[in-house]
Structures are given as C-alpha cells and as structure tokens.
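Asks: Can you keep this structure in mind? I'll have questions shortly.
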Amino acid sequence: MATASAPEATRATPPAPPSVHVRAVVTWIAIFPLVALGLSIMAPLAADWHPVLRALVLTAVIVPLAVYVVVPRLLQLYVRIRRSR
C-alpha cells in the first residue's frame, strides 16, 4: 500500500548553503585571529624553531580548531542573521 506524501508546498526545503564567497570570508574571519593569537602565544616558545616547524605546529592546532569549532559557529551566526532580515 502506498503512503500519501505531503504536497510539495508543505515540505520544508532546506536553506540554500552560503555562497563560496561568504564561506571564504567566514573562513578568513575565523583563521586570521586564530593565527594572530597562535603566533603571539608561540613566539616565546618557538623563537629558535625553524619557520617550517613553527608553521607545522601552528597549522596543526589552528586548522582543526577552525574547521570543527569556529567556522561552523560563524556559519550558524551568519544563517541566523540572514533569516532575521
């Protein structure tokens, strides 16, 4: 027996994802302060380190933090702001 499906008009359509430009700006807004803060915190500890090692350690912390925590929260904030307009 077939089940009746809801009419197209009553189905909830998911919101369109933010454009690539919005995602790029949101990512930059997340990354820049994290890198600035990370460099400031690492400066006394890593002054004698090779620059590539400093970059490796910094990005090993910053990238997961940005991808899994900061960017999703900023995108949620962006969506809430968009919906309120």
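Asks: Could you tell me how many cubic angstrom of Cα convex hull volume the chain has per residue? Numbers along the way, then the final one.
Replies: Working: hull volume 12.8 nm³, N = 85.
Normalising the Cα hull of the chain by residue number yields 151 Å³.
Asks: Mind ordering 50-61, 69-80 by average Cβ neighbours within 10 Å, highest first?
Replies: Details: 50-61: 12.1, 69-80: 13.7.
Result, highest mean Cβ count within 10 Å first: 69-80, 50-61.
Asks: Return the equivalent ellipsoid semi-axes of the range 39-85 as a descending list in whole Å, where each equals the square root of 5 times an eigenvalue of the C-alpha gyration tensor.
Replies: Largest first, the range 39-85 gives 34, 10, 6 Å.
Asks: Through the Karplus equation 6.51 cos²θ - 1.76 cosθ + 1.60, θ set to phi - 60°, convert the phi angles of the range 75-85 into ³J(HN,Hα) values in whole Hz; use x for Gly and Pro.
Replies: Each residue's phi maps through the Karplus curve to give 5, 4, 4, 4, 5, 4, 5, 4, 5, 6, 7 Hz.
Asks: Determine the relative contact order of the chain: mean sequence separation of Cα pairs under 8 Å and six or more apart, normalised by residue count, in whole percent. Show your work: numbers first, answer last.
Replies: On the way: 21 pairs, mean separation 34.1, N = 85.
Once divided by the residue count of the chain, the mean separation gives 40 percent.
Asks: Rounded to the nearest 0.05, what FRET efficiency is calculated for Val52 and Thr27 with R0 set to 30 Å and r the Cβ-Cβ distance? Intermediate values should be presented prior to the final figure.
Replies: Working: r = 23 Å, r/R0 = 0.76.
Given R0 = 30 Å and the Cβ-Cβ separation, E is 0.85.
Asks: In what sequence, highest mean first, do 36-48, 19-31 appear when ranked by Cβ atoms within 10 angstrom?
Replies: Ranked by mean Cβ neighbours within 10 Å, highest first: 19-31, 36-48.
Asks: Here is a further query. Work out how much length Ala36 to Thr59 would gain on full extension: take 0.36 nm times their residue separation and subtract the Cα-Cα distance, in nm to one decimal.
Replies: 7.1 nm
Values in this text are rule-based calculations from the coordinates and carry no lab data. These figures come from a predicted structure and were not determined experimentally. Positions of Cβ are generated from backbone atoms using ideal geometry, with glycine treated the same way; all protein chains shown enter the neighbour counts.
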